[in-house]
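Read the figures in this text as sums done on the coordinates, not as results from a lab. This structure is a prediction, so every number in the text was calculated from the model and none was measured. Every residue, glycine as well, gets a Cβ built from its backbone with ideal geometry; the counts of neighbours run over all protein chains shown.
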Amino acid sequence: MTDVTSPPADAPVEDRVENTDAGLGSAERVLRRDETSAVLRLSEAEAALLAGDPDDPPVGDVTDQRMILNMGPSHPSTHGVLRLMLEMEGETILRTKPVIGYLHTGMEKTAEDLTYLQGPTNVTRMDYAAPLFSELAFSMAVEQLLGMEVPSRATWIRMLMCELNRVASHLLFQATNGMDLGAVSMMIYGWREREEVLRFFEKVTGLRMNHNYIRPGGVAADLPDGWQDDVRRLLELIPPRLDEYDTLLTGQPIFRERLQGVGVMTPAEALALSATGPILRSTGYAWDLRRDQPYLAYDEVEFDVIVGTHGDSFDRYAIRLNEIRESLRIVEQILDLMPTGDYRTQDKKVTPPPRARIDESMEALIHHFKIFTEGFHVPVGETYAAVESPRGELGCYLVSDGGPKPYRMHIRGPSFVNLQTLPHLMEGGLIADGVAVVSSVDPIMGEVDR
Amino acid sequence: MSDGPDGEEPVTEGPIAYGVPVIESNGQVVLHPAPDQWLDTVVALKADCFCMAIDVTAVDYSAHPGRTDLPEGVVPERFEVVASFIDHTDGRRVRLRVQVPESDPVVPSLFDLFPGTEAMEREVWDLVGVAFAGHPDHTRILMPEDWVGHPLRRDVPIGRIPVQFKDAPTAR
């Protein structure tokens, strides 16, 4: 395994892990290309060193036509602030380094200063295209530590909202993917349909994004009267539009040429790189937490796990398109199966009293005040809860010290991990295909950087 | 796999799996290898169909009032590296928690076994300051390269931007 020469134990940590040939001034080391690796490992300082002064004589072999091209962090096809350092030879990408951190706001640190009730307001801002999934993973972790059962209606409301959120997220993908590939009309259509879903979210949660709707113990509010009509309207509206996308994109030769055979990945590579979600499924590997490790009530609804065959960008596009159809199929079943009852637990420890009670009861007022100022205490322990977000496995590792705030909250962001596939997908491709690959990985930078 | 933590077990050590103490935490299997068993345990897991490293993270326990969930014989240290693995054939999950002393916060990297841990280990180094020996690109990932310190350590305070209110006599 790792054969590390061990420096003295009292040496500084940095010295003990540093590669022997690392360090500044070693332009030779940077230029030396490991043929087996698609990952460019080049620090800012080393890159600056390579850039040098244009008047200086070139470093290394003058016949070497390789260059380092910087793409982003502000670039229309990088979905936010992803920056790529590309080692190019002509138009061909040799190695890639995704540079991230431009959106790092220390949300895991912030979580240690927020109560468990405030926690969802924080995590919902991570994956801003699919905010309900982060809230769900966090709430499930808290409920595991509390040893709490959520009422069945709350479970089904969570499922309804999450599946609609998956639809919204994949519609956003269709929009941006189309835009990246030059199918600009698709961008308008994708946003248009997503807006319909967001309108329903606004009606239920009060907000189009960053809902803070799924909370430990249940959901923030019951579904509004007439929600079935709104959901039915979506179920009637969206499928014909998806068929339009098929006409517009799926069968279209130019679109297929841009995606087929671009950014190919094998199942073994995807597993080794810890890729989950549509990237893993595009390789023909059927793994979906909803089916394989059912949470909420996914074992009570019928749906298919969509898999690809070739592991290319086209498969990832087609999987997301068809996952919208599967999600709508789940939503249709939820319409019939939605139970009645409480939308949040009646455990007084975590649930504030109803608003009307506060006007007539001093105890209810105190209770309300205590929950919102001090928060509720969660037993000592640690747990990991995972859900299948539109981008893959979204996990929440939570450590409690018995107080009202998490001792440590870590989110396993699927975008963050999936981003590691980028260099492997882009290796040997053209730079124009690189745009298609970034788009097909569908990273949400809020979740990558957290 | 294994039942709850020790207690009625007459032997001094609790239950063992893959040669290391194992406990159950909220229904999840948690292994507690010693630092020198870390790599061997992961090798054993990989041989036992755990095909994917789901997550690597770390916790700084320096401000924790005291852990009660460690099995017998495991000495609590300041840092703990937590890694999760998944077996897709049986749908099993397992979590490894290894104690890393403050005086020598280094564990072997899992990169050679699971290349997908590269970014996660960089994140742990960047934010918590536990180093991974043998990592191919041991650099910061989220913080700027010239940043000093590791923000997720408990002795790093949460930064605040002072808000200036008009005519406010003092900061709150």
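Computed values, structure above
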item	result
10 Å Cβ neighbours from other chains, averaged over peptide A:408-416	4
Fewest-first sequence of A:Lys370, A:Lys405, B:Lys46 by Cβ atoms within 10 Å of each Cβ	A:Lys370, B:Lys46, A:Lys405
Most to least packed among A:125-136, A:236-247 [average Cβ atoms within 10 Å]	A:125-136, A:236-247
Average other protein chain Cβ within 10 Å of Cβ, residues B:132-141	6
Spatially proximal lysines relative to A:Lys97 (Cα-Cα < 30 Å; intrachain offsets below 8 disregarded)	A:Lys109, B:Lys46
Per-residue ³J(HN,Hα) for the stretch A:89-103, Karplus 6.51 cos²θ - 1.76 cosθ + 1.60, θ = phi - 60°, Hz, x for Gly and Pro	10, x, 8, 8, 8, 8, 10, 9, 10, x, 9, 10, x, 5, 10
Neighbourhood charge, 15 Å Cβ-Cβ cut-off, centred on B:Arg93 and excluding it, Lys, Arg +1 and Asp, Glu -1	-4
Gaussian network model of chain A, springs between alpha carbon atoms under 10 Å - residue of A:Ile100, A:Ile330, A:Ile358 with greatest fluctuation	A:Ile358
In Hz, Karplus ³J(HN,Hα) per residue of the stretch A:412-417 (6.51, -1.76, 1.60; θ = phi - 60°; x = Gly, Pro)	8, x, x, 4, 4, 6
Scattering profile of the stretch B:24-172 at q = 0.10 Å⁻¹ [log10 I(q)/I(0), Debye over alpha-carbon scatterers]	-0.41
Structure-based [θ]222 nm, the protein assembly as shown - -39500 (n - 2.57) summed over DSSP H runs of at least 4, per residue, nearest 500	-11000 deg cm²/dmol
Where N is the number of residues in the stretch A:364-450, Cα Rg divided by 2.2 N^0.38 Å	1.63
Listed peptides A:316-323, A:350-357, A:92-99 by packing density, highest first (mean Cβ within 10 Å)	A:316-323, A:92-99, A:350-357
Calculated from backbone phi, Karplus (6.51, -1.76, 1.60) coupling profile of the stretch B:87-102 in Hz, x at Gly/Pro	10, 6, 6, 9, x, 8, 10, 9, 10, 10, 10, 10, 7, 10, x, 5
Burial ordering of A:Val81, B:Val148, fewest other beta-carbon atoms within 10 Å first	B:Val148, A:Val81
Peptide A:96-103 - average C-beta neighbours from other chains (10 Å radius)	3
GNM top mover of A:Met148, A:Met362, A:Met159 - chain A, alpha-carbon springs below 10 Å	A:Met362
Set of lysines with alpha-carbon distance to A:Lys370 below 19 Å, sequence-local pairs under 8 removed	A:Lys348, A:Lys349, A:Lys405
Whole-number percent relative contact order across chain B, with pairs defined as alpha carbons under 8 Å at least 6 apart	18
Cα gyration tensor shape for chain A, rounded if a/c is under 1.5, else prolate or oblate	oblate
Burial ordering of A:Val204, B:Val56, fewest other beta-carbon atoms within 10 Å first	A:Val204, B:Val56
Interchain or long-range residues, amide H under 5 Å from B:Phe79's placed H	B:Tyr61, B:Val100, B:Glu102
